[in-house]
Amino acid sequence: GVAMFLMIFNVGFRLLRWALIVRGYDREVSGAQLGRIGAIGYMAIDILPARLGELVRPLLLNRAGVPLGACVASIVLERLLDVAALAGLLFAVLAFGDLPALEVSLFGRTVDLAREGRIALLTLMVLLGVPVLVVPLAGERGLRFAARILRRLPRRLAKIAFNLLRSFMEGLKRMGRPAAVAGSLLTAAVWVVNVGVLWCLASSQSVDLSAWEATVVTIVVSLCLLVPSPAGGLGVFEAGGVAGLLLYGVDPDRAAAFAVTLHAVHVGMISLPGLVALPYEGLRFSQLWSFRRPEG
């Protein structure tokens, strides 16, 4: 019950954050309509395969009169904020969390990845993360500096990275400083609540996890969901949950039961607001599968 209650807050935080982002591009759409479109879009992400549900919010927002480019940019900025939050969680786990012992033989010596591996990853994250944080603060000067650094990468990869960075900076600029700060805090709240949901469900099934261990499992599940998956992430979500719990010696059968329950809570509580919002936008559930701009 607590996990389901927390998921309601998770959905609310996500809707508020996306509304703040969209308002940076267009202030004409009402908050109520943004909430309905966002709820339908998040439901579509959970029920359509290969994250094709990401197309739903831009199409519905475009129907409401927002330019399609701005619609897509709002989704890109939202995802970049999530990636930044996931990187922050990983950094916190590496710096402060208790990782399971993992010893491997490397070049004739035994290496404990939980200790030596985390030091290497922390160093790498600091070396890469500090410039990434400084570039947005430096504005156009930072963007020019990033362009010079990215030239060392293959051309196609450098172009993608530069466009993402420019979209991120443009989106934050459009939001304005107060809204950008609020959006960052809401992003942190979304991920803290995600960890809380997982920890509550683990406790309800007598799976003994600390807060840090629950954070590690959350990261594993999130990384698995980056892989294109069937509708609802079916199978991929469960594989991530099982893999995360196996790191801490949880019985495979219990881990599988937990992963199925966690997935059901996520899909159920995210889909419920979307189902309620569908008729208010003049849509039927079957239209989510057509991938075309609704008539109107």
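See the values below:
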read-out: Phe237, Phe285, Phe96, reordered so the largest accessible area comes first (probe 1.4 Å); value: Phe96, Phe285, Phe237
read-out: Derived scalar couplings ³J(HN,Hα) [the range 70-77; Karplus, 6.51 cos²θ - 1.76 cosθ + 1.60; whole Hz; x for Gly, Pro]; value: 5, 4, 5, 4, 5, 5, 4, 5
read-out: Cα-projected label distance for Ser30 with Phe145, points at 7 Å along beta-carbon direction, nm; value: 4.6 nm
read-out: Gap separating the Cα centres of the range 2-27 and the range 198-230, nearest whole Å; value: 21 Å
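The values are calculated or read from the model by the stated rules, or taken from the named source; none is laboratory data. Just so you know, these numbers come straight off a predicted model, no measurement behind them. Every residue, glycine as well, gets a Cβ built from its backbone with ideal geometry; the counts of neighbours run over all protein chains shown. Keep in mind that these areas ignore ligands, DNA and RNA; they rest on the heavy atoms of the full protein, side chains included. Shrake-Rupley method; radii C 1.70, N 1.55, O 1.52, S 1.80 Å.
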